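Here is the structure we will look at.
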Amino acid sequence: MSQHKLTRAVTCLRISEVAYLLVAPAVSPWFLHQTNDPWTALPYILVIFVFCLALVVGIECVVRGLQRRRPWAWAVADGLFELYVPSLFLPLGIIGQRALREEGTRAEFGMVSGDLKTGSPPASGPDSSDGPSCSGDSERRTSRRR
């Protein structure tokens, strides 16, 4: 089931790639109309095209990382989807975040510790029944008990 959810996240990223590819041709007529001189607008159009192309290449790297189950790709994709939420990509951000934060998907990437909804750490540490989290704590505790 988490493969299906991961496919949703990848699809959302691919849709955003297409949207970024359409931005440069969409704004070119506006720049040409504003300047009335194609040679003046050309540098602006090229900068926007290169920027959008760089975004597409970066997102494609994240997609490949997600497909290879890399934890860094999960974190970057989650950050991208969080950036998409307060923008025109709102539906992509919500669908992508829900897909990535599903329990099965997180387990595939080794992100099962902690609770993402509340932000609380996992139930291990100095106050848990599992024992201390580092050896320095155990030495201090045993010296206090003596």
**Message:** Pairs needed: first member in the stretch 22-47, more than 27 Å from PHE89 (Cβ to Cβ); second member anywhere, in a helix (DSSP H, G or I); C-beta distance under 7 Å; at least 6 residues apart or different chains.
**Reply:** THR35/ALA41; PRO38/LEU32
**Request:** Working only within the stretch 64-98, note down all residues that are among the polar types (S, T, N, Q) and not in a helix (DSSP H, G or I).
**Result:** SER87
**Asked** Any residue in the stretch 89-109 that is more than 13 Å from the chain's Cα centre (by Cα), of a type in the set (Ser, Thr, Tyr) and modelled with pLDDT of 85 or more?
**Response** yes
**Which numbered condition LEU46 misses (of (1) of a type in the set (A, V, I, L, M); (2) in contact with a Lys or Arg (Cβ under 6 Å, 6 or more places away or on another chain); (3) in a helix (DSSP H, G or I))** = (2)
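The values are calculated or read from the model by the stated rules, or taken from the named source; none is laboratory data. Note that the coordinates shown come from a computational prediction; the quantities given were computed from them, not determined experimentally. Backbone-built Cβ (ideal geometry, glycine too); neighbour counts: all protein chains shown.
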